[in-house]
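J.: One structure, pasted below without further comment.
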Amino acid sequence: MIELAFDIVGKLLVLYLLFLFPVILLLLFYSHFNIPHGLREEMLREPFFSAEELARISAFPMSLLATLAVVRTAAAPSTMRRRFGSHDFSGKVPTHFKCTSFIFVLFVLIGGGICLLAALCGVLLEFV
Amino acid sequence: MEKFKSTPLFCTADGYEILYAVKRGDTLTGIVREQYNLFGSAAAPVVQRILENNQEIKSADLIYSGQLLVLRFPWDAPEIRTAEQDELRQTKKHWNGLDKPLQETMADLAYIDTISGILHAGGGGATGAGLLIQSNLKPMKDIVGKYEDYRAGKITRSVYGHYRSDQIKQLQKRIGRPAESLLFKGKKANEALRMKPGGGPNATRPYLGQVNRLQKIAGKASKGGFVLAAAGLGLSCYEIAHTDSVVEKDKIAVEAIAGTAAGLGVGILVGLFLVSNPIGWGTAIIIAAGTAAVGYAAGNFAGHVYHENHSDVRIVEPLMIDRVCR
């Protein structure tokens, strides 16, 4: 049984390494350099982010976190209510950016899940 | 009885060795007292043995916080000579070659372990922790503003006291007791974050000192994260260069690549979760440690999968990794 589980997770990990991870990186950088004009300034400002946070995420590579905030807002606006309150940015996000953001978030969730499973298997290896 | 404070890295029937990160205020005799429960004249031969095992220490008085030492248990056990032992010494060499402030910060952020696998993934974790500490400094700085308002007579003492107490309680809630103890050197936040009694022109100095210290830790952790990641990959490079078997070389490469990719993947996942709300330190440190562990464990599993199912696939040679790692 456990051998079968290892086999499945092993195949998923190969899928992650060869396909999901490169696509995630590609989409992350695509999103980073193609954030719709004006959206960054609209979202990344006080009071949504503190002055400290803004200073921190203004330079690469930390600016990727700002990209993640924009991408998550584009893909699933309702999940960012704690930060943005009732502000609705969906009208300002073009459809193609919403699509790539949604795929990115989906792949990150699946990829993260695979990594967690692989880590669990890595721990189980010690006992099997 | 010896006090056991760290995970033993390599064991034989004769004993085991650990890597010990020197803390602020440590001396060799203090370390011997703490780790071996020996003091006075009984400590002298142990100190001598530590100096022999750590030849980069020029004098017993010259150790610095963040430096790594190899400690052997029992102290008079014969030397352990294995391939892993070489790796341990290389790990130590890489670590001790980093900037001193970075080593010190990494030793402060005690969740970073010192074996090579953890170094790969720990880099991302440290970077994240730095960012998160940074983002929580504003409420602490706001207390200074309120204190100045109180001194200027704009608000009453009880309003200031209530505000300070409220902010510190929130902070304690977010970071949790273990992180509070780590960041404030064993003290509680409300004990560490105090203005100078009696007021005066420099009343805010001790308080701001604490805030500045945390700010420095945050900056160094972010920077140190990248250094650690690079050091981890460098170690794999070293292992590849010093392994004869082609399959073993490929396995090491798979572990390093998969561990780094898994660490990054989980790091992005964690980043996606974190950006939605203000971030607490305790959560951050726990998540950072978790991310590091996930990268390490996933890398191990990837090595196993490669060894069991794909050992006919060549990686190091076609990618010319061995030409880089000499």
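J.: Counting only C-alpha contacts under 8 Å and six or more residues apart, can you give the relative contact order of chain A as a whole percent?
T.: Dividing the mean separation by the residue count of chain A yields 36 percent.
J.: Would you mind giving the three semi-axes, in whole Å and largest first, of the ellipsoid equivalent to region A:66-127 according to its Cα gyration tensor?
T.: After scaling each eigenvalue by five and taking roots: 32, 13, 7 Å.
J.: Please arrange A:CYS121, A:CYS115 by counting, for each residue, the other beta carbons lying within 10 Å of its beta carbon, fewest first.
T.: So the residues, fewest neighbours to most, are A:CYS121, A:CYS115.
J.: Another question, then. Would you mind putting B:52-59, B:72-79, B:251-258 in packing order, based on average other-beta-carbon counts within 10 Å, highest first?
T.: B:251-258, B:72-79, B:52-59
J.: Going by how many other Cβ atoms sit within 10 Å of their own, how do B:ARG213, A:ARG81 line up, fewest first?
T.: Fewest-to-most Cβ neighbours within 10 Å comes out as A:ARG81, B:ARG213.
J.: Across peptide B:256-262, what mean number of C-beta atoms from other chains lies inside 10 Å of a residue's C-beta?
T.: 5
J.: Sort A:THR73, A:THR79 so that the residue with the fewest other Cβ atoms within 10 Å of its own Cβ comes first and the one with the most comes last.
T.: Arranged by neighbour count, lowest to highest, A:THR73, A:THR79 become A:THR79, A:THR73.
J.: Assuming R0 = 45 Å, what is the FRET efficiency of A:CYS99 and B:LYS187, from their Cβ-Cβ distance, to the nearest 0.05?
T.: For A:CYS99 and B:LYS187, the calculated efficiency is 0.30.
J.: In square nanometres, what is the average projected area of the Cα convex hull of region A:1-120?
T.: Averaged projected area of region A:1-120's Cα convex hull equals 8.7 nm².
J.: Length gain on complete extension for the stretch B:ILE155 to B:SER245, per 0.36 nm per residue less the alpha carbon to alpha carbon distance?
T.: 25.1 nm
Readers should treat all values here as calculations from the given coordinates under stated rules, not as data from a laboratory. Here the structure is a predicted model, which means the values were calculated and not measured. Quick reminder, even Gly has a Cβ in these numbers, built from the backbone with ideal geometry, and neighbours come from all protein chains shown.
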